Amino acid sequence: MKIAMGCDPNAEDYKKEMIDFVRSLGHDVTDFGSDDPIYAKVATTVAEEVAAGKFDRGILFCGTGIGVMLAANKVKGAYAANVLNAYSAKRACLSNNCNIITLGSQVTGDQLAKELIEDYLACTYVRNERSGKKVDAVLATEAKYMK
């Protein structure tokens, strides 16, 4: 898969370690940087690229993962989830069709982050009766409010 990654300056070393890890899994990674302390800028850039289909998925980092998640979710077609455990990493994809995950460099240890990323990237969303209706409702809300 083609993966877009970015972060704020506080998470630079963390992101570099995760880029190396994602590449070791066989994925193609593009680093969108970390120089701007306004994390919303890199988050929206990554979200735009993923939403446009230029990348299969995105992974964003800041101190908590919350700020980059909020910023990414302002881009139409970007669906970002802050993942904290293996179940949420898998369900972000399997139940919610999220194309971006976010992690907090100050709250998620390196080893756990690698496990969450690997779990997320190993999943593929398949529309089904249970989750499809929920994802459709999110898309309908997006269409209504994000014109």
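The values are calculated or read from the model by the stated rules, or taken from the named source; none is laboratory data. For clarity, every value in this text was computed on a predicted model and none was experimentally measured. So basically every Cβ, Gly included, is an ideal-geometry build from the backbone, and we count neighbours across all protein chains shown. Just the protein is used for accessible areas: all its heavy atoms, side chains included, with ligands, DNA and RNA removed. Shrake-Rupley method; radii C 1.70, N 1.55, O 1.52, S 1.80 Å.
Some notes on this structure:
- Selection from the range 7-17 of residues that are within 12 Å of Gly104 (Cα to Cα) and not charged (D, E, K, R): Cys7, Asn10, Ala11, Tyr14
- Residue identified as assigned to a helix (DSSP H, G or I) and at pLDDT below 95 among Ala140, Ala113: Ala140
- Tabulated pairs, the range 73-95, first over 26 Å from Lys147 (Cβ atoms), second open to solvent by 10 Å² or more (accessible area, probe 1.4 Å) and in a loop (DSSP other than H, G, I, E, B), C-beta under 6 angstrom, 6+ apart or interchain: Lys90/Cys123; Cys93/Cys123; Cys93/Tyr125; Leu94/Cys123
- Residue match in the range 7-16 (condition: touching a strand residue (DSSP E or B) at 6+ places or on another chain (Cβ under 7 Å), among the aromatic types (Phe, Trp, Tyr) and over 28 Å from Lys147 (Cβ atoms)): yes
- Pairs are defined by a Cβ separation below 8 Å, a sequence spacing of at least 6 or placement on different chains, a first member in the range 30-44 that is at positive phi, and a second member that is assigned to a helix (DSSP H, G or I); the pairs so defined are Gly33/Val42.
- Within the range 8-110, strands (runs of 3 or more DSSP E) holding 1 or more residues that are more than 20 Å from Arg127 (Cα to Cα), of a type outside the set (Val, Ile, Thr) and open to solvent by 40 Å² or more (accessible area, probe 1.4 Å): 28-31
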